[in-house]
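This report refers to the structure that appears directly beneath it.
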Amino acid sequence: MLNLVIFGPPGAGKGTQSQRVIDQFGLIHLSTGDMLRAEMASGSELGDQVKSIIAAGQLVRDEIVIALIAKRLDAHAEAPGFIFDGFPRTVAQAEALDHLLTEKHTSITGMISLVVPEEELVTRLVKRGEESGRSDDNEETIRKRIVEYNEKTLPVATYYQGQGKLYEIEGVGSIEEIGDRIAKVLKAFQAQ
Ligand code: AMP
């Protein structure tokens, strides 16, 4: 199996680049942000519970997102692999994911970390907010999300680095240029 974590701060291009990898390799896309937005849109109890946390730019509790991921892993038992997007966002989530994958006799192949300077992130997300109307894409919340990322999520890169699985990619350039950089790393995985 090819199991990838696509990693980076909010606005790094994780969703966009995931889509290209899915098209190329037929992986199942697991985005906890998308799952939580779907819960909010459906008006479920869980959606109501997380709404104010997401609007404040904070992280949802580990147990909640781990349960969402566990459910999807079970639902796609025959998948050729997964791309985890926006998950894991804490070291506790990364440990839980390792545990879930070990139970399924598989593991993370590698983490693709998109590196983008902070001011570029803010510019991209403010623009996305204007186009999509996503409630957490306003400058105040964007800055809070970046603080959360630096404090709680960056250590996840160190976690995978410790396993020899961290691949840093420059996340500035055209979508194609960045996609080509990622494709090079993925070719190396396939050759393994
Ligand atoms: P995203 O679409 O990945 O930027 O996620 C949007 C928001 O959903 C984040 O700012 C968090 O509030 C929440 N969220 C998404 N994924 C996670 C996660 N793995 N852990 C905690 N909160 C998350």
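Read-outs throughout are calculated quantities, based only on the coordinates presented, and are distinct from any laboratory measurement. Fair warning: this is a prediction, and the values are worked out from it, not measured in the lab. All Cβ positions, even for glycine, are placed from backbone atoms using ideal geometry, and neighbour counts span all protein chains on display.
Sort 155-161, 43-49 for me by packing, meaning the mean count of neighbouring Cβ atoms within 10 Å per residue, highest on top. Display every interim value, and only then the final one.
On the way: 155-161: 17.1, 43-49: 12.1.
Peptide ranking by packing, descending: 155-161, 43-49.
Sort M35, M111, M1 by Cβ crowding within 10 Å, fewest neighbours at the top. Numbers along the way, then the final one.
On the way: M35 19, M111 23, M1 14.
Least to most surrounded, the residues fall as M1, M35, M111.
Cα centroid distance between segment 94-131 and segment 61-83, in Å?
Centre-to-centre (Cα) distance: 15 Å.
Report the number of Lys pairs in the chain whose alpha-carbons are under 18 Å apart, with separation of 8 or more residues or on distinct chains.
Number of lysine pairs found: 10.
Report the paramagnetic label zone for F25: residues of segment 105-139 whose backbone N is under 13 Å from a point 7 Å from Cα along the Cα-to-Cβ axis.
Label zone hits: 107-113.
Grab the DSSP H runs of the chain that are 4 residues or longer, score each as -39,500 (n - 2.57), total them, divide by all residues and round the 222 nm result to the nearest 500 deg cm²/dmol.
Helix-only estimate at 222 nm: -18500 deg cm²/dmol.
What is the sum of charges, Lys and Arg at +1 and Asp and Glu at -1, for the other residues whose Cβ falls under 14 Å from the Cβ of G133?
That works out to 0.
So what's the chain giving for Cα Rg divided by 2.2 N^0.38 Å, two decimals?
0.98
Treat every Asp and Glu Cβ in segment 49-93 as -1 and every Lys and Arg Cβ as +1, leave all other atoms uncharged, and give the resulting dipole magnitude about the Cα centre to the nearest 20 debye.
That gives segment 49-93 a dipole magnitude of about 200 debye.
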